[in-house]
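S.K.: Here's a structure for you.
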Amino acid sequence: MERTNDILPVVEPDRDLDDWGRSARLSGVLDRTLWEAAHKLWFRVELQQAPQIPSSGGALLIVNGGGVVSPVGPLLAKAVREDHPRRRDPRLCVDRGLLDQPGLAVLLTRAGAVGAQVDDLVRLLGDEGSLLVLTTRTDRLHDEGAKSTLASHPAVLAAVRTGTPVVPVVAVGADDAQPVLARVPLPGGRRLPITLGFPHLGPLALLAFLPAKIRLRALAPLTPDTDDGTGEAAEAERIALSVARRLRHESADMLHARGSRWVG
């Protein structure tokens, strides 16, 4: 009987893209330039309690301070690559709506982002044992927000389905880097954030961040458990509520202990 490796084609030695469309060349350039400067010079990112993030196997990292133009997700991924004992390389989970935009979809995919689709994320977390970063807005960390958005998110459902640890990561300073001045209601219940640079600066808003110091703190992992007969939806809600409450509590403690928002 032939082995699988004997029938499958050999991966090309000069292949730049992985199975998810990530370009090693582009992601490497972004890591050494844009995210290196943002991590060390502009935001002076500090990752605390990095060993709470598993050294092997899949894990879902949920960090607050996310949004359409927030840098907190990529900065957490960069911090893990730099400061984790195993220097693991997480992927960023993005809304599938962003991957429907011409041009932007190619850039995000080449940079290593993956769309929020349950089956794909089950493969990443369960089969491939990857780290996945999911951002959530700080103003949605109340219980109702967690139940209505976080509990039904494909990444949380995939983590529950695969029994993957979920690691809450507190971000302090991310909301100060580009404060939201107002939110304009949109059709479908969505709200457009108005910041110092968005939407009037268009894509340049991605560069219009104030130099707030960002501190990240990884908390103890939560492990989904459906062996007691709890359904996936109920377990996802329990995980979402636990994550939101721990992020709220730890964020309040870190803000209370913080000095200046610019130097920490």
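The values are calculated or read from the model by the stated rules, or taken from the named source; none is laboratory data. Here the structure is a predicted model, which is why all the values come from computation and not from measurement. Positions of Cβ are backbone-derived with ideal geometry, glycine not excepted, and every protein chain shown enters the neighbour counts. Remember, those area values only see protein heavy atoms, side chains included, never the ligands or the DNA or RNA. Shrake-Rupley method; radii C 1.70, N 1.55, O 1.52, S 1.80 Å.
S.K.: Can you list residue pairs whose Cβ atoms sit under 6 Å apart, with the first residue in the stretch 217-236 being in contact (Cβ under 8 Å) with a residue 60 or more places away in the chain and the second being acidic (Asp, Glu)? Count only pairs 6 or more apart in sequence or on different chains.
M.R.: Pairs that qualify, where the first residue is in contact (Cβ under 8 Å) with a residue 60 or more places away in the chain and the partner is acidic (Asp, Glu), are Pro224/Glu235; Thr226/Glu235.
S.K.: Follow-up. Sort out which residues of the stretch 237-264 are hydrophobic (A, V, I, L, M, F, W, C), in a loop (DSSP other than H, G, I, E, B) and under 19 Å from Val169 (Cβ atoms), and write them in order of number.
M.R.: None - no residue of the stretch 237-264 is hydrophobic (A, V, I, L, M, F, W, C), in a loop (DSSP other than H, G, I, E, B) and under 19 Å from Val169 (Cβ atoms), so the list stays empty.
S.K.: If you don't mind, there's one more thing I want to ask. Counting only residues that are closer than 19 Å to Asp139 by Cβ and of a type in the set (Asp, Glu), which one in the stretch 221-264 is surrounded by the most Cβ atoms within 10 Å (Cβ to Cβ)?
M.R.: Among residues in the stretch 221-264 that are closer than 19 Å to Asp139 by Cβ and of a type in the set (Asp, Glu), the one surrounded by the most Cβ atoms within 10 Å (Cβ to Cβ) is Glu250.
S.K.: Run Ala177 past the list (1) touching a strand residue (DSSP E or B) at 6+ places or on another chain (Cβ under 9 Å); (2) surrounded by 23 or more Cβ atoms within 10 Å (Cβ to Cβ) and report the number of the one that doesn't hold.
M.R.: Status for Ala177: all satisfied but (1).
S.K.: Still on this model: If Ser152 meets every condition in (1) open to solvent by 60 Å² or more (accessible area, probe 1.4 Å); (2) under 16 Å from Ala174 (Cα atoms) apart from one, which number is that one?
M.R.: Condition not satisfied by Ser152: (2).
S.K.: Next question. Quickly run through the stretch 30-42 and pick out the residues that are surrounded by 13 or more Cβ atoms within 10 Å (Cβ to Cβ) and farther than 23 Å from Arg86 by Cβ.
M.R.: Within the stretch 30-42, Leu34, Trp42 meet the criteria.
S.K.: Quick check: anything in the stretch 48-57 more than 23 Å from Asp18 (Cα to Cα), open to solvent by 40 Å² or more (accessible area, probe 1.4 Å), modelled with pLDDT of 95 or more and part of a helix (DSSP H, G or I)?
M.R.: Scanning the stretch 48-57, I find at least one residue that is more than 23 Å from Asp18 (Cα to Cα), open to solvent by 40 Å² or more (accessible area, probe 1.4 Å), modelled with pLDDT of 95 or more and part of a helix (DSSP H, G or I), so the answer is yes.
S.K.: Also, I was wondering about something else. Would you confirm whether any residue within the stretch 188-198 is surrounded by fewer than 22 Cβ atoms within 10 Å (Cβ to Cβ), within 21 Å of the chain's Cα centre (by Cα) and modelled with pLDDT of 75 or more?
M.R.: The answer is no; no qualifying residue exists.
S.K.: Still on this model: Just checking, which of Leu132, Leu150 is farther than 15 Å from Gly65 by Cα and at pLDDT 80 or above?
M.R.: Checking each option against the conditions leaves just Leu132.
S.K.: Given the conditions (1) at pLDDT 95 or above; (2) of a type outside the set (D, E, K, R); (3) not in a loop (DSSP other than H, G, I, E, B), report the number of the one that Leu41 does not fulfil.
M.R.: (1)
S.K.: Modelled with pLDDT of 75 or more, in contact with a strand residue (DSSP E or B) (Cβ under 8 Å, 6 or more places away or on another chain) and open to solvent by less than 70 Å² (accessible area, probe 1.4 Å): is that true of Pro211 in this structure?
M.R.: no
S.K.: Let me confirm something: among Asp100, Asp19, Asp95, which residue is within 21 Å of Asp175 (Cβ to Cβ) and open to solvent by 70 Å² or more (accessible area, probe 1.4 Å)?
M.R.: On inspection, the qualifying residue turns out to be Asp95.
S.K.: Are there helices (runs of 4 or more DSSP H) fully within the stretch 80-197 with at least 2 residues that are touching a Pro at 6+ places or on another chain (Cβ under 7 Å) and either of a type in the set (Asp, Glu) or touching a residue at least 24 places away in the same chain (Cβ under 8 Å) (or both)? List them.
M.R.: Output list reads 118-122, 154-162.
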